[in-house]
Amino acid sequence: MDTAGFVDGEWIDSNDALDDVNPSDTSDVVGRFGCATADDARNAVVAARQSLAAWSQSTTQARSDLLARVSAELIARKEEIGELVSREAGKTRAEGMGEVVRAAQIFQFFSGEAVRYGGENLPSVRPGIGIQISRDAVGVVSIITPWNFPVAILAWKIAPALAFGNTVVVKPSEHTPAVAFELVRILQRHGAPRGVVNLVNGPGAVLGDALTTDVDAISFTGSVPTGRRLARAAAERMIRIQLEMGGKNPLVVLDDADLSVAVDCALNGSFFSAGQRCTASSRLIVQKGIHDAFVKALLARMKSMRIGNALDKGTDIGPVINQSQLDKIAGYLKIAADEGASVEGGRRLEASTPGFYLEPALLVGSHNGMRSAREEIFGPVASVIEVANYDEALDVANDTEFGLSSGICTTSLRSANHFRLNVRSGLTMINLPTAGLDYHVPFGGTKGSSYGPREQGGYAVDFYTTTKTAYVGY
Ligand code: ADP
């Protein structure tokens, strides 16, 4: 029997289990985790419902203290838990530890928000009446997360949910459950009351229906098809939903860019974390005057990257997550070649241990109509699209169904400002990689990338609370 979840303060087991395999070394099984059943998920929702009244009426100090203790433990154990993240997600040590530190910072931030949030007092437009606007917890929140940031995404959903008095049922990615179990253990150890935090592990197809029934809100990060399915369920049940999905993020490089800044931005944004970030730069839109020098310099830098076991010292880029992702990327490289792009790199690599290693690939000579430039690949792959001028660059940048992040490399204040104001994305970066964010400001996109209120920072309160407007006669 393997642990399949945490429901109503008890660990639950299952005979049916999946191996959590290290993508850097397929002989390293990080853990074996059971698959919860739909009944387990329903029980988790019931437990979260039963604990809601007490938790939502607990003092804000109690909630703040819990989140602060979780933050402190994450910081104290950042190397150990960071290594776990690196093992199960194939991230370099710096990336794994950085993600744990980020999770700790988020818990710390919402520890403060728990005692800071509030409402408003306004005069009525009518005589003898005052108005008080207060914020209540939304209720039971289902939290469904992907494998690419196995602890940070959980943190940026669980921490605000708890800070504002909600109870949660968490379903981490079945590909990276180990750190999710660890986080729940930490929450339990530091006093999360029974039923306030529940976890069910396993495939979404089995658990999805139970996770969208009898809950008050759903916060999801993952693929567009799953997001759409959840949005339909939420509309049917008229519950609140927040979706963070794909991207096809453009990085524009103008002739007047500082070449080394542009190459750094592209290298980091397109290839670090093996391109498995929803904010990755997957379209490099390059003006013709700088195009050849940019491609040459970027290819040279790509060749100097060390791709290998994520835990080895000196590794810059780890493996992709699993065989099916590797196959999907290989399929897109073939599509790109068939569409007429020149595929530079993209070879399957061997490393010190058996894993899913792929050389970063640049699709030179792409145009924005190609499937490889329109569909999210989610790997270390970027299309290079040559454009004549800034106006064309902006048009190409906006010609996508997505709108999460974007960036521009330029030394022109006018172009930078125009781009910031006119690009259609929820995040935009000037002379910085399209990926790499702070935790105290809103995160989210436009168009097909996101749906519902923003996540993170002070704006998270809008999703995790509902306002009540009280009219008080004097
Ligand atoms: P990814 O390609 O990032 O794995 P998915 O959307 O498949 O994207 O997965 C993101 C999360 O959504 C995972 O936790 C997964 O188990 C879950 N999931 C997948 N299908 C469903 C579903 N039908 N209902 C609910 N959750 C699902």
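Every read-out reported here was derived from the displayed coordinates using simple, explicitly stated rules and does not represent laboratory data. Since the structure is predicted, the reported quantities are computational estimates derived from the model, not experimental observations. Cβ placement follows ideal geometry from the backbone for every residue including glycine, while neighbour counts extend to all protein chains displayed.
Counting only Cα, what are the radius of gyration and maximum Cα-Cα distance Dmax of the stretch 51-165, in Å?
According to the Cα coordinates of the stretch 51-165, Rg and Dmax are 18.1, 64 Å.
Quick one: which residues, 5 or more positions from CYS409 or on another chain, have an amide H under 5 Å from its amide H? H modelled 1.01 Å from N in the peptide plane, none for Pro or chain starts.
When sequence neighbours closer than 5 places are left aside, the close amide H contacts are VAL252, VAL253, LEU254, ASN431.
Count the DSSP beta bridges whose two residues both fall in the stretch 349-474, then state the antiparallel fraction as a percent rounded to the nearest 5.
25
Using only alpha carbons, build the gyration tensor for the stretch 136-203 and give me the equivalent ellipsoid semi-axes, biggest first, whole Å. Can you show the working numbers first?
Values: eigenvalues 69, 33, 22 Å².
The three semi-axes for the stretch 136-203 are 19, 13, 10 Å.
Could you work out the Kirkwood radius for the chain, taking every pair of different alpha carbons, averaging 1/r and inverting it, reported in Å?
About 23.1 Å, per the Kirkwood formula over Cα pairs.
Count the net charge of all other residues whose Cβ sits under 12 Å from the Cβ of SER173, scoring Lys and Arg as +1 and Asp and Glu as -1.
That sum, taken over residues with Cβ under 12 Å, equals -2.
Please figure out what share of the DSSP beta bridges in the chain is antiparallel and state it in percent, rounded to the nearest 5.
Taking every DSSP beta bridge within the chain, about 50 percent pair in antiparallel fashion.
Starting at the first residue of the stretch 180-185, write each ³J(HN,Hα) from the Karplus equation 6.51 cos²θ - 1.76 cosθ + 1.60 with θ = phi - 60°, in whole Hz, x for Gly and Pro.
With coefficients 6.51, -1.76 and 1.60, one gets 5, 4, 4, 5, 5, 4 Hz.
Please report, largest first and rounded to whole Å, the three semi-axes of the ellipsoid equivalent to the stretch 99-222, where each semi-axis is the square root of five times an eigenvalue of the C-alpha gyration tensor. Write down the numbers at each step before the final one.
Working: eigenvalues 200, 61, 30 Å².
Equivalent ellipsoid semi-axes, largest first: 32, 17, 12 Å.
Considering only DSSP states other than H, G, I, E and B, which trypsin sites (Lys or Arg not before Pro) in the stretch 219-315 qualify as loop sites with at most 14 other Cβ atoms within 10 Å?
Loop-located and lightly packed - ARG306, LYS313.
Tell me the Rg and the Dmax, in Å, that the Cα atoms of the stretch 320-474 produce.
According to the Cα coordinates of the stretch 320-474, Rg and Dmax are 20.1, 76 Å.
Pairs of Cα atoms under 8 Å, at least six residues apart: use those to get the relative contact order of the chain, whole percent.
Working: 1154 pairs, mean separation 86.4, N = 474.
Contact order relative to length: 18 percent.
What are the lysines whose alpha-carbon lies under 22 Å from the alpha-carbon of LYS334, with same-chain residues fewer than 8 places away excluded?
In chain and number order, the partners are LYS248, LYS303.
Quick one: if you take sqrt(5λ) for each eigenvalue of the C-alpha gyration tensor of the stretch 184-320, what semi-axes come out, biggest first, whole angstrom?
Over the Cα atoms of the stretch 184-320, the ellipsoid semi-axes are 41, 21, 12 Å.
Taking every alpha carbon pair in the stretch 276-386, what does the distance histogram look like in 5 angstrom bins from 0, in percent?
Result, from short to long distances: 2, 12, 23, 24, 20, 12, 5, 2, 0 percent.
Quick one: 3J(HN,Hα) in Hz for the stretch 377-382, Karplus 6.51/-1.76/1.60 with θ = phi - 60°, rounded, Gly and Pro as x.
Whole-Hz 3J(HN,Hα) from phi for the stretch 377-382: 9, 6, x, x, 9, 9.
Relative contact order, percent, of the stretch 361-474 when contacts are C-alpha pairs under 8 Å separated by at least 6 residues? The partial results should precede the final answer.
Values: 150 pairs, mean separation 21.5, N = 114.
Answer for the stretch 361-474 is 19 percent.
List the trypsin sites (Lys or Arg not before Pro) within the stretch 41-107 that fall in a DSSP loop (any state other than H, G, I, E or B) and whose Cβ has at most 16 other Cβ atoms within 10 Å.
When the trypsin sites (Lys or Arg not before Pro) of the stretch 41-107 are filtered for loop state and at most 16 Cβ neighbours within 10 Å, ARG77 remain.
Okay, helix-only estimate at 222 nm for the chain: each DSSP H run of n ≥ 4 adds -39500 (n - 2.57), divide by all residues, round to 500 deg cm²/dmol; what do you get?
-12500 deg cm²/dmol
Over all pairs of distinct alpha carbons, what does the Kirkwood formula give as the hydrodynamic radius of the stretch 1-47, in Å?
11.5
Counting other C-beta atoms within 10 Å, and keeping those with at most 13, which DSSP coil GluC sites (Glu not before Pro) do you find in the stretch 378-474?
Counting only loop positions with at most 13 other Cβ atoms within 10 Å, the GluC sites (Glu not before Pro) in the stretch 378-474 are GLU401.
Taking every DSSP beta bridge with both residues inside the stretch 159-266, roughly what % is antiparallel (nearest 5)?
Taking every DSSP beta bridge with both residues in the stretch 159-266, the antiparallel ones total about 0 percent.
Could you tell me the center-to-center distance, by alpha carbons, between the stretch 89-127 and the stretch 226-269 in angstrom?
One Cα centre to the other: 21 Å.
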